[in-house]
Structure formats: structure tokens, C-alpha cells
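Data block below; observations after.
Readers should treat all values here as calculations from the given coordinates under stated rules, not as data from a laboratory. All values reported here derive from a predicted model rather than from experimental measurement. So basically every Cβ, Gly included, is an ideal-geometry build from the backbone, and we count neighbours across all protein chains shown.
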Amino acid sequence: MEKGENKMTNKTIDKKNALKLMGVLIVMLIVGYGLDIGVGVVAATAGISAPFIVYSLALYIPMIAIAFLYLRKKGDNLWKECGFNKIKVSTFFLTILLTVVAYPMVMFTNVFSQLFTKNTMAQATDAMIGDTPVLYMIAMAILAPVCEEILLRGFFHNRLKKFVPFTAAAILSGFWFGVFHLNINQFCYAWVLGIIFAYVNRASGSIFTSMTMHFVVNSFGGVMLYIQNAFYKSQGKEFAEVAESARSDSKQMITLIIVTGILSGGSFFLTRIIIKAIAKREGNDVEAVNDSAA
């Protein structure tokens, strides 16, 4: 992604290359999750418990390797493709503000999805933390944001937008970001976040903005899950059971959906304003955040 990227108009859709790229991503997912599952099988056979970070490394390393080799074959460079460009200090703080402002949309999609499925993270927290909370936080707050942004925004989105209009690329990269999590609950809010990540990166001209947002979201979520899990354990309760009990309370769920839905309306407009401010700070076309790529 280059600084000062101009708005694309009258873009010709290259379906063939877009589908090929999605095919490559699917292969990456199969290989990555195949090795991830393989680690679980080996650990179970050996009667040991592997830390969450080991599973994360088994997932990300082969996927990034495939992306690297694919781009190398095409004569491109993964680092340049990702757009590791410097951002201003003011942009960094605006990105933090953007994360806070956009969060109600994450909350709404998270709660709404729980009408149909369990709170996946609550169900898996105890297993992920295990006896290594520090490694859990490193995997959640550092490894995941860096690796997933390289894969989904740096590699996939930045290449896909060469074949389809930016808006379509943002929606599709968000969709595959959701698929990447392999459950309906996370799929819903990851899709929303993925779209926002694509737009903020175009505004800033750098992948560092989406990495920053991803870091804040995962850090906050990881810490809150750890605290809640520890608290309920101290009360002799299981966090997963408490979360499922809350989900079964229809009155509480409807209230949460209404409240977060209202907040999401304001969140959407404020998100657009801040993304435009980031584009202006970085000297990029403010209109680059508009949904007008043809």
C-alpha cells in the first residue's frame, strides 16, 4: 500500500485473479489449521498440554510462509505488499480513539450473534489460558494482531484490491477474516472489524493502523476474559457456564441488543469522521474513505 494512494474509479473487475487469490487463501487456511490440529493430536497422544501460543505458531508460520513464497513467485515482496509505512504520532492516538469509538459495533455484533450461538471465547478461555497466562496474552495481544494483519490485510486485501473495487475488497477481506476464526460468534464481529481495518489502512497508508486497532481490541478482550475467568473460579463457578446462563436470559439479551444497537448507530458515524481525520493527518485523499470506488 503506497502513501497518497489515489481513489480508484472505473476499476475493471478481474474475477479470475480474484478467485485465484481466494483459492490461495483457502489453501493457506487448510494448511495452517491442519498443522494446528496436528499439534493437538500429538499433544493428546503424548498426554501433555501444549500452551495456546504453540497452537498459534503452528497456525501462523505456515500461512505466512505460503504468502511469502506466493508473492516471491509473482516477483513481489511481502514487506512492501503489506505497507509497513510510518505513521504520525497523532495518527497513532487517533487510531486508539477510533478503536474505542468503533467498539460499540463490535459489541452489538457479538451480542447479536449470541442469539444463535454460544459465546465462543467464554467457552474456550480456561483451555486457552491454562497454566501459562503470560504466553496466552502474548499470543492474543501481539502474535495474533501482527500475523493476522499481515495475512488478511497486508497480503490478501492489498492484493485483492488490485483485482476488484476497494469496497468489495474490504468486504471480502473482512468476510475471510471472520471465516479465519472458524465460529459464528467471532465471525460476526471479525467481519465488521475487518472492514474497518481495511478503511483505516487506506486512510493512513499503513498497515500499522490496523495492527494497532487489532492489538487494542485483543489486549482488552484478553485481559477481560482472564479477569472474568479468574473471578468466577474464585467464586467456585465456571466462566463458560455463567456466560451461557446470561445468554439464555432473553430479557437481558434483548436489552443488550437494543442498547448496543443504538450505540452502534453513533459509532458508525464517528468512525467515519475519525477515519477521515486520519487520512487528512497523513496527507491522503480524504475521499479515499468514501464508498465510491467503482
*asked:* Can you give me the angle between helix 166-180 and the longest principal axis of the chain, using Cα atoms only, in degrees from 0 to 90, rounded to the nearest 10?
replied: 20 degrees
*asked:* How would the chain be classified by its alpha-carbon gyration tensor: rounded, prolate or oblate, with rounded meaning a/c under 1.5 and the a/b versus b/c comparison settling the rest?
replied: oblate
*Table column - 3J(HN,Hα) (Hz), region 211-218, Karplus curve with 6.51, -1.76, 1.60, x for Gly and Pro*: 4, 5, 4, 4, 4, 5, 4, 5
_Just to confirm the number: angle between the C-alpha axis of helix 250-281 and the first principal axis of the chain, 0 to 90 degrees, nearest 10?_
30 degrees
*If you find the alpha carbon centre of region 204-222 and of region 115-130, how far apart are they in angstrom?*
22 Å
*For region 141-265, count the residues as N, evaluate 2.2 N^0.38 Å, and divide the Cα radius of gyration by that value, please.*
1.24
*Of SER234, SER219, SER248, which has the largest mean-square fluctuation in a 10 Å C-alpha GNM of the chain?*
SER234
*Say the dipole of the chain comes from +1 at the beta carbon of Lys and Arg and -1 at that of Asp and Glu; which of SER56, PHE156, THR132 then lies farthest toward its positive end?*
PHE156
_If each DSSP helix of 4+ residues adds -39,500 (n - 2.57) and the sum is divided by the residues in the chain, what number results at 222 nm, nearest 500 deg cm²/dmol?_
-24000 deg cm²/dmol
*With +1 on each Lys and Arg Cβ and -1 on each Asp and Glu Cβ, how big is the dipole of region 113-191 about its Cα centre, in debye rounded to the nearest 20?*
440 debye
*Mind checking which lysines have their C-alpha under 26 Å from LYS88, skipping anything on the same chain fewer than 8 residues away?*
LYS3, LYS7, LYS80, LYS161, LYS276, LYS280
*If a/c stays under 1.5 just call it rounded; otherwise compare a/b with b/c (prolate if a/b is bigger, oblate if not). Do that for region 162-210, with a ≥ b ≥ c from the square roots of the Cα gyration tensor eigenvalues.*
oblate
*Suppose every K and R has +1 on its Cβ and every D and E has -1 on its Cβ; what is the size of the dipole of the chain about the Cα centre, in Debye to the nearest 20?*
1000 debye
*Pull up the cross-link candidates among the lysines for LYS237, meaning alpha carbon to alpha carbon under 19 Å and not fewer than 8 places away within one chain.*
LYS118
*asked:* Suppose the chain between ILE258 and PHE220 were pulled fully straight at 0.36 nm per residue; how much longer would it get relative to their current alpha carbon spacing?
replied: 11.4 nm
*So if R0 is 25 Å, what FRET efficiency would PHE268 and ILE13 give, r being the distance between their Cβ atoms, rounded to the nearest 0.05?*
0.40
*Please label the shape of region 114-156 as rounded, prolate or oblate, based on the square roots a ≥ b ≥ c of the eigenvalues of the alpha-carbon gyration tensor (a/c under 1.5 means rounded; beyond that, a/b larger than b/c means prolate, else oblate).*
oblate
*Arrange the peptides 252-262, 36-46 so that the one whose residues have, on average, the most other Cβ atoms within 10 Å appears first.*
252-262, 36-46
_Local electrostatic count, ILE87, Cβ distance below 9 Å [Lys/Arg +1, Asp/Glu -1]_ = +2
